[in-house]
1. Which residue out of 84, 93 is over 13 Å from the mean Cα position of the chain (by Cα) and either modelled with pLDDT of 95 or more or surrounded by fewer than 24 Cβ atoms within 10 Å (Cβ to Cβ) (or both)?
2. In the list 208, 215, 289, which residue meets the criterion of being surrounded by fewer than 19 Cβ atoms within 10 Å (Cβ to Cβ), farther than 30 Å from residue 40 by Cβ and among the hydrophobic types (A, V, I, L, M, F, W, C)?
3. Which members of the stretch 133-162 meet the condition of being part of a helix (DSSP H, G or I), surrounded by 15 or more Cβ atoms within 10 Å (Cβ to Cβ) and over 25 Å from the mean Cα position of the chain (by Cα)?
4. Regarding the stretch 10-25, can at least one residue be identified that is among the polar types (S, T, N, Q), part of a helix (DSSP H, G or I) and more than 24 Å from the chain's Cα centre (by Cα)?
5. Against the definition (under 22 Å from residue 247 (Cα atoms), free of Cβ contacts under 8 Å to residues at least 24 places away in the same chain and under 24 Å from the mean Cα position of the chain (by Cα)), how does residue 103 come out, yes or no?
6. Scan (1) of a type in the set (Ser, Thr, Tyr); (2) at pLDDT below 95; (3) outside any loop (DSSP other than H, G, I, E, B) for the single condition residue 196 breaks and write down its number.
7. Considering each of 79, 128, 95, 101 in turn, give the residue that is over 24 Å from residue 273 (Cα atoms) and outside any helix (DSSP H, G or I).
8. Only one residue in 191, 173 is assigned to a helix (DSSP H, G or I), touching a strand residue (DSSP E or B) at 6+ places or on another chain (Cβ under 7 Å) and free of Cβ contacts under 8 Å to residues at least 60 places away in the same chain. Which one?
Amino acid sequence: MSTENKRPTLRAGAGMSRELILLGAILVTGLFFTLLSPYYLTQANLEQVLRNSVDLAILSAGMTLIIIMACIDVSVGGILAVAAILIGRSYQAGIGDAGVIVVGLSAGAFLGAVNGTVVAKARVPPIIATLGMMYIFLAVLFLVIGGRWIAGLPDGLSFLIRGSVLGIPAGVFLIAGVYGFSYLLLRGLRFGQHIYAIGSDEKAARLVGIPVDRVKILTYTYLGLLAGLAAVLYVARLRNVEVNIGTAIALEAIAAVILGGARINGGVGSLLGTLLGVIFIKSMQNGLVLIGVSSLWDTVVVGGLLITVLIFDAVRGRSRAREGME
């Protein structure tokens, strides 16, 4: 009994420790780039970082739920791409702003549900299922747009990215809304308890009557819905659909979640930590560009951060295991 009561406290303390480390890393990184570039700490640049972070922040909220559930989704970039294509084609067909938002969200949710169904009902390992779906989505991307951009789209949704309310950028409200709702799912509803239970021990969750398959499908659907929203924001920001859209965003989302303190084998995760992970990644990428480092190094930096954190967590886990045996 006493051991069970201690576990949440230990996990919360570990999560808070990671969040404090991340906050410190953001401040140190900011100071470093401020010393190297006079443009880093300007209002215009910080607003640009925010605009470039909205898509990733929104996707990473959904990815947090997936990873807590001991699953993974490497196809979210493909979902974003397909949803963006449908948004572009809908605009070209004369559908208005409200209509294309519905198209984007519906497409994302549907494709997320397909992922969830393959994982839950066919019992295909999540990494294999979503990797296969990613290649299918990329094939759809090239078949539909034929290697050409969809360009010159209307700017009716640009307010979502460039607008502000009471002087606060609209992106802040979007991120706050998504993270507030995600927090409600995780902490305020039984659904969130089921996600944590599945991530901690799926077999035990099934034995106590948790509808594991349904929870998995709904969680993947939610991530797909957020990918659809990210597609809407992508089109709103750039007003085109590129042939290489979404190629790196899955890695960045997974990295943000792991940097934020989530455990890759499930059961642990923090939305606040994820958001700080997003800020750290985007601040790092922005700073590297300002000091003249090619953006081609972005993936290398993100991948290196992800591997470093995974190694650190593995070493810490083995250390705790040895302490528990002594």
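1. Every option except 93 fails the conditions.
2. 208
3. Residues satisfying the conditions are 144, 145.
4. There is no residue in the stretch 10-25 that is among the polar types (S, T, N, Q), part of a helix (DSSP H, G or I) and more than 24 Å from the chain's Cα centre (by Cα).
5. Against the criterion (under 22 Å from residue 247 (Cα atoms), free of Cβ contacts under 8 Å to residues at least 24 places away in the same chain and under 24 Å from the mean Cα position of the chain (by Cα)), residue 103 qualifies.
6. (2)
7. Going through 79, 128, 95, 101 in turn, just one is over 24 Å from residue 273 (Cα atoms) and outside any helix (DSSP H, G or I): 95.
8. Going through 191, 173 in turn, the sole match is 173.
The values are calculated or read from the model by the stated rules, or taken from the named source; none is laboratory data. Note that the coordinates shown come from a computational prediction; the quantities given were computed from them, not determined experimentally. Every residue, glycine as well, gets a Cβ built from its backbone with ideal geometry; the counts of neighbours run over all protein chains shown.
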